[in-house]
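Any read-out appearing in this document is the output of simple, stated calculations on the displayed coordinates, not a laboratory observation. Since the structure is predicted, the reported quantities are computational estimates derived from the model, not experimental observations. So basically every Cβ, Gly included, is an ideal-geometry build from the backbone, and we count neighbours across all protein chains shown.
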């Protein structure tokens with residue numbers, strides 16, 4: 001199947017090269033002739049058409065390209081796509097993108113859920129001892145002969161709507177702290193966009209937590225540490241021009257955030 005798809009893609013590329021060599025008049029004549037033949041075949045064909053996987057991929061890519069380049073609606077595409085509904089072809093494109101990021105998991109087992117007796121005991125210890133954290137509850141359960149992990153204790157309490165020990169005891173929660181200092185916080189992260197040819201584009205954005213204002217830092221197909229540091233440097237220059245300052249930056253542990261990136265904000 002893989003070789004068949006490659007052969008089909010190669011054949012499509014050759015067809016594009018041949019078409020590019022034709023004059024505009026020849027192209028118009030070929031389009032008119034092909035449309036008339038397609039109209040005849042559509043009228044005579046009784047059974048629904050069932051294209052194979054390679055034909056679906058080719059139609060999906062070319063149709064999405066045409067729709068975006070000419071800004072055509074799905075209704076307008078019906079005059080071009082005759083044997084299949086345009087909505088169906090565009091759905092194939094969405095399935096191609098989704099299939100690129102989803103993988104079938106063979107192992108569906110996972111860790112079995114703990115017994116209800118253990119879960120009830122964890123909930124009781126947390127409610128009767130407001131100062132006990134996850135580690136303390138784990139240790140007390142071990143004394144009683146129940147061996148559970150800290151993550152299991154945390155999951156049980158989260159599942160039953162029980163907040164962590166500091167909040168249960170009356171301390172200020174993390175959400176309250178974030179709301180209090182949000183005007184001083186800046187956060188950054190990447191998200192991806194899929195082009196019609198399934199090419200992944202990375203977008204770096206910064207957001208001011210206080211105002212929810214989003215800053216588009218840059219777009220690239222191959223992000224690296226130097227590129228990220230340069231986008232951060234340009235953003236800081238913009239902040240200096242308008243007189244905006246922040247005390248803290250929130251980011252994840254992505255390896256693209258190199259030391260030069262942190263130095264810019266320091």
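Scanning the range 84-95 for residues that are over 16 Å from residue 53 (Cα atoms) and touching a residue at least 12 places away in the same chain (Cβ under 8 Å) yields 86, 87.
For the range 220-258, a residue qualifies if it is assigned to a helix (DSSP H, G or I) and either within 19 Å of the chain's Cα centre (by Cα) or under 26 Å from residue 200 (Cβ atoms) (or both), and the qualifying residues are 225, 226, 227, 228, 229, 230, 231, 232, 233, 234, 235. The residues of the range 231-250 that are in contact with a strand residue (DSSP E or B) (Cβ under 9 Å, 6 or more places away or on another chain) and surrounded by fewer than 15 Cβ atoms within 10 Å (Cβ to Cβ), listed by number, are 234, 238, 244, 247, 248, 250. Give the residues of the range 190-219 that are within 19 Å of the chain's Cα centre (by Cα) and farther than 21 Å from residue 262 by Cα, sorted by residue number. Selection gives 192, 193, 194, 195, 196, 197, 198, 199, 200, 201.
Say whether the condition of being out of contact with any strand residue (DSSP E or B) (no Cβ under 7 Å at 6 or more places or on another chain), closer than 30 Å to residue 69 by Cβ and loosely packed, with under 15 Cβ neighbours inside 10 Å is met by at least one residue in the range 214-230. Yes - at least one qualifying residue is present in the range 214-230.
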